[in-house]
Structure formats: structure tokens, C-alpha cells
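Engineer: Submitted below is the structure of interest, expressed as C-alpha cells.
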Amino acid sequence: MSSFELRPHHGLCIAFFEGKGYSPDFTRYMAEMISYLEMHNPEIRLVLHTDRICSACPHNRNAVCDSAQKVLHYDKTVLSLCSLENNQVLLWKDFQSLVRLKILQQRRISAVCRNCQWLFICSEKQQKFLTFSDKYDKIEL
Ligand code: SF4
């Protein structure tokens, strides 16, 4: 399979996905894509346009997101915070680690996802993630 195109901000959507989405088909597809990424750890290409996940989204209008400017801002912020570039290719798990280290552990999710309708879910989960990380760090020490 050729490299898996992924919008950078989808690294955050995936981190806190809990089976909610824009439509039942989209939610099912998102869950399938997450399983695929976790199982195969493919090379991903970070892109600033609609990606594999967008392909099942009802907001995808002829390959353009109907919130294009808003999500482009999310994507560029994720790239900047993770010191990555448009079109960069890396393994899914390396990208996932960068998102955790540079955004989640730094409590920066709200700096990326301003005005996102799902932010309330992700903010709550970020707090749980941080609590767990703190405990984990203590165990490691
Ligand atoms: S089309 Fe827009 S709203 Fe839908 S998954 Fe892609 S970026 Fe998100």
C-alpha cells in the first residue's frame, strides 16, 4: 500500500477518538483506519489537504473540507509544534509519539483545536492522559 496520507491534526483526533463522529459511516471508517494504523504502523505522509480519513467524511466536498481554513490552521499548528513539515513521511508510531510528547504532554491541545466542536471531549481526555502520564512517570522513577 502506498504511503498513508494523513492531515497532521488527525493525530489528535485519533488520540482521543471514542466512537463519535460526523456520521455512522464516518465513525465506522475512522475506527477501521485507527485499527489499520495501530496494527501495521505504516509510513504516513503528512498533507495539508483531504486525506484517507476525510474520504468518508460528510464534510468532504469534492476533496475539499467545508471547514478548510479552520482545519488548515489546526494542521499547520500541529506541524509547527512537532517540528515537522508538509509532505514529510514518517512511521505512524513516530508521529504518534511526537504528538504525545510535543502537544499532549505540554497541554497544548487547546492551542491547536480552537473552535473544534469536539474539544470538550478531548480536553477531558487530555487531563486523564496527563494524570496517567504523571503516575507512569512516578512508577518509572
Ligand atoms: S473533511 Fe474536514 S471535517 Fe471531515 S475529516 Fe476531513 S478535515 Fe475533518
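Engineer: Quick one: what do you get for the chain if you divide its Cα Rg by 2.2 N^0.38 Å?
Structural biologist: 1.02
Engineer: Percent antiparallel among DSSP beta bridges with both residues in the range 4-140, to the nearest 5?
Structural biologist: Counting DSSP beta bridges with both partners in the range 4-140, the antiparallel share is about 60 percent.
Engineer: Please list, in order, the residues from the range 90-111 whose amide nitrogen is less than 15 Å from a point placed 7 Å along the Cα→Cβ vector of Leu130.
Structural biologist: It comes to 100-111, nothing else.
Engineer: Roughly what would the spin-label model give for Arg108 and Lys20, points 7 Å off Cα along C-beta, in nm?
Structural biologist: For the pair Arg108/Lys20, the computed spacing is 2.5 nm.
Engineer: Okay, next question. With runs of 4+ DSSP H residues as the only contributors, calculate the mean residue ellipticity of the chain at 222 nm using -39,500 (n - 2.57) per run, divided by the residue total and rounded to the nearest 500.
Structural biologist: After summing the helix terms and dividing by residue count, I get -15500 deg cm²/dmol.
Engineer: What's the magnitude of the charge dipole for the chain around its Cα centre, counting Lys and Arg as +1 and Asp and Glu as -1 at the beta-carbon? Answer in Debye, nearest 20.
Structural biologist: For this selection, approximately 400 debye.
Engineer: Within the range 1-89, report the trypsin sites (Lys or Arg not before Pro) that DSSP leaves as loop and that have at most 14 other Cβ atoms within 10 Å.
Structural biologist: Loop-located and lightly packed - Lys20.
Engineer: What ranking do Trp92, Trp118 get, fewest neighbouring Cβ atoms within 10 angstrom at the top?
Structural biologist: Trp118, Trp92
Engineer: Longest segment of the chain with no GluC sites (Glu not before Pro) in a DSSP loop having at most 16 other Cβ atoms within 10 Å?
Structural biologist: That gives 19-84 as the longest site-free run.
Engineer: Quick check: convex hull of the Cα atoms in the range 1-64, volume per residue, rounded to a whole Å³?
Structural biologist: Spelled out: Cα convex hull of the range 1-64, divided by residues, is 85 Å³.
All of the numbers you see were taken from the coordinates with simple rules; none came from a lab. Keep in mind that this is a model prediction, so the values were computed, not measured. Cβ coordinates were reconstructed from backbone atoms using ideal geometry, including for glycine residues, and neighbour counts include every protein chain displayed.
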